[in-house]
Amino acid sequence: MSFSNDVKNELSRIETNDACCDKAELLGLLRMSGAIIIRGSNVGIHFSTENAALARRVLQLLKSNYQVQTEVVITRSRRLKKNNRYQVRVIPAPQVSKALTELQLLSVESDLKNPLLNNHCCKRTFLRGAFLGGGSISRPSSDYHLEMVTGNEDFAHSIIKVMHSFSLKAKLTDRKNDFIVYLKDGESITKFLSVIGAHNSMMDFENVRIVKEMRNNVNRVVNCETANLNKVVRAAVRQINCIKYIDQHMGLNQLPQALQDTARLRLEYPDASLNELVEYSGGIGKSGINHRLKKLQEMAVGLGMEMEKD
Ligand SMILES: [Zn+2]
């Protein structure tokens, strides 16, 4: 099963007990994927999903907050993946328009002006509803990605504003006729899951994320050490080539004693780093050794050696 479904199953089982929060969640859910049905002078609502737990939740939220008649229609998919679709229907009746009016689902005003979103607790459940209705999230083992897709641009902006009020760095993009609110970084996704109350999923996500980041850090350190090592090895190889060149074209014996000593030390310890050479030299400082090795390179070049740049 997908991680999105795990999250939605968890969210669908959260106990509801505050009418204010329930209504804000319904607002998010219905705005995201509900449809308003007109029958004569009455209106009804259709909400359809492949997730049975979510269908039950929508039904429960509707029934416990409004005096409405409902039915659930299950359609079996003829396609191979065989997911049933559950359609929760609110039968058109006068009470339904009362519910829709309170939720301000018929209003053209932005949801941000809806008194149902005044409370912090209700902002959380509004986001939960939006995610349940049209959200998806990638498994943390792949790229970090969470999105909510809606055809309603104004609603997308409302979701983003509400997310910003939780310091979530949500962004908006559009694809054909859809507006996509998304989060791309692991930390924000963890926080979002916590805001909407998906605590178990958040822990699962976080566990994978921690292991992944640790592995990345280890790789980074190893790469860095390898790069340093390569640099040390390249420098040593170049120095040794220079010394051999001087020996062939002039003879090491012709060098001043100090340079001769350093040249022989380098040949004796071809793998040693500069610090190690300082140690083996018995009393010459790092800058002294460094200076002499540079001098040897200059001499080799002076004698006609061609040097690669690195
Ligand atoms: Zn509330």
- To the nearest 0.05, what FRET efficiency results for S77 and N217 with a Förster distance of 35 Å applied to their C-beta separation? 0.20
- From the Cα gyration tensor of segment 1-89, with a ≥ b ≥ c the square roots of its eigenvalues, which class applies: rounded if a/c is under 1.5, or else prolate if a/b is larger than b/c, or else oblate? oblate
- Item | GluC sites (Glu not before Pro) within segment 270-310, DSSP loop, no more than 12 other Cβ atoms inside 10 Å | E306, E308
- Cleavage-rule hits, trypsin sites (Lys or Arg not before Pro), segment 27-105, DSSP coil, Cβ neighbours within 10 Å at most 12: R76, R78, R79, K81, K82
- Determine the sum of side-chain charges near K169: Lys and Arg each +1, Asp and Glu each -1, restricted to other residues whose C-beta is under 14 angstrom from that of K169. +1
- Can you pull the accessible area of V208 for me, 1.4 Å probe, Å² to the nearest 10? 50 Å²
- Note on the structure: For N200, the net charge from surrounding residues (Cβ-Cβ under 12 Å; K, R +1; D, E -1) works out to -3
- Note on the structure: Karplus-derived 3J(HN,Hα) from phi for segment 36-46 (6.51 cos²θ - 1.76 cosθ + 1.60, θ = phi - 60°), whole Hz, x at Gly and Pro, runs 9, 10, 10, 10, x, 9, 10, 10, x, 10, 10
- Sequence-distant lysines (8 or more away, or on other chains) whose Cα lies within less than 25 Å of K82: K8
- Query: Using a Förster distance of 22 Å, how high is the FRET efficiency between Q69 and I38, based on the Cβ-Cβ distance and rounded to 0.05?
  - Reply: 0.85
- Query: Sorted by accessible area (1.4 Å probe), largest first, how do I38, I289, I74 line up?
  - Reply: I38, I74, I289
- Task: Would you mind computing, in nm to one decimal, how far apart the modelled labels at L112 and E276 are, each placed 7 Å from Cα along Cα→Cβ?
- Result: 6.4 nm
- Task: Quick one: pull the percent of accessible area on segment 221-302 belonging to carbon and sulfur, 1.4 Å probe, ligands and nucleic acids left out.
- Result: 51 percent
- Query: With the other protein chains left in place, how much accessible area per residue, in square angstrom, belongs to the chain at a 1.4 angstrom probe?
  - Reply: 57 Å²
- Message: Run lengths n ≥ 4 of DSSP H only: what is the helix-derived mean residue ellipticity at 222 nm for the chain, with -39500 (n - 2.57) per run over all residues, to the nearest 500?
- Response: -18500 deg cm²/dmol
- Task: Please count, across segment 162-307, the pairs of lysine residues with Cα atoms under 25 Å apart that sit 8 or more places apart or on different chains.
- Result: 18
- Return the FRET efficiency for the residue pair R85, S142: r is the Cβ-Cβ distance, R0 is 25 Å, and the value is rounded to the nearest 0.05. 0.40
- Task: Under 11 Å from the Cβ of A52, count the other residues' Cβ atoms, weight Lys and Arg +1, Asp and Glu -1, and hand me the total.
- Result: +3
- Task: Pop out the ³J(HN,Hα) list for segment 129-146 in order, Karplus 6.51 cos²θ - 1.76 cosθ + 1.60 with θ = phi - 60°, rounded to Hz; leave Gly and Pro as x.
- Result: x, 4, 5, 4, x, x, x, 8, 9, 7, 4, x, 5, 9, 5, 6, 7, 9
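The values are calculated or read from the model by the stated rules, or taken from the named source; none is laboratory data. Everything numeric in this text was worked out from a predicted model, so none of it was measured. Neighbour counts are summed over all protein chains in view; Cβ atoms, including those assigned to glycine, are modelled from backbone coordinates with ideal geometry. For the accessible areas, the whole protein counts, side chains as well, though only heavy atoms, and no ligand, DNA or RNA atoms are used. Shrake-Rupley method; radii C 1.70, N 1.55, O 1.52, S 1.80 Å.
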